[in-house]
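Step one of this worksheet: look at the structure below.
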Amino acid sequence: MQNNYLFIGAHPDDIEFGCGGTVAKLVKAGHLCTFLIATNGDQGSHSIPKTQLAQIRKQEAIEAAKTLGVNDVRFLELPDGLTHFTFDDKMAMIELIRETKPYAVFTHSKFDHHPDHEIIHKLSIAAIKSAHGPWFKEAQGSPHFVKEIYGYEVWNPINEYQMSQDISSFFELKDSALKQHKSQIQDYPYTEAIKGLAQYRGAMVKGKGLAEVFEVLRTEFLC
Ligand SMILES: [Zn+2]
């Protein structure tokens, strides 16, 4: 059965970093994935002017998603380094959930204490809860219940996880997707970081291979 999945990231490269292999795996299995990128990432460089960087990073995010087989990329275009979310941000996220009706949502882990990631985690959970039920009529669309919610890791590896995905066959796609973020990889060696983390997760979960791990925030099926 084909399902919809919604991936939410604070910055233009977070989803690929935390879930790129899993996204490629879901797409190969015939599922539909939507990316929602909350901020414009315009604080991500000391050398590129902010307005120019926001446009560059938007295009990089579209190309990275395409590399994984995802063509539906939405942008909230909030300021990078945000300190709070607003009622309008929450309404926009509720509307997207009601429009795409995801079976599962992947967002930042509650254990990720990067300030922007923390806020987007809280915004995601608030929107998911409010999208379900006959309330928040300002947000268009009919109520939708998200059956599963997962938290992913980015720069701060999480201590507790309950779900893992073997991404050995999808690592190259994940790496290719992250390489689309050209404005970022000149400052950080992404390939080394994601390879090291995936090897560590693979070794700890199954004793071999490459893996991504997730915190289970909601599931209808315990396994
Ligand atoms: Zn981030």
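The values are calculated or read from the model by the stated rules, or taken from the named source; none is laboratory data. As the structure is a computational prediction, the values presented were derived from the model and not from experiment. We place every Cβ from the backbone using ideal geometry, glycine too, and count neighbours over all the protein chains shown.
The set of residues from the range 54-89 being charged (D, E, K, R) and crowded, with 19+ Cβ neighbours inside 10 Å comprises 57, 60, 80, 89. Residue 43 fulfils the conditions (1) away from the ligand (no atom under 16 Å from the Cβ); (2) without any contact (Cβ under 8 Å) to a residue 40 or more places away in the chain; (3) over 23 Å from residue 167 (Cα atoms) except for a single criterion, (1). Within the range 117-130, residues that are more than 13 Å from residue 148 (Cα to Cα) and within 16 Å of the ligand (Cβ to nearest atom) have Cβ atoms under 6 Å from residues that are among the basic types (Lys, Arg) and at pLDDT 95 or above in these pairs: 121/110, counting only partners at least 6 apart in sequence or on another chain. Here residue 109 passes the criteria (1) more than 20 Å from residue 166 (Cα to Cα); (2) touching a strand residue (DSSP E or B) at 6+ places or on another chain (Cβ under 8 Å) except the one numbered (1).
For residue 150, are the conditions met, namely being aromatic (Phe, Trp, Tyr) and in a loop (DSSP other than H, G, I, E, B)? The answer is no for residue 150.
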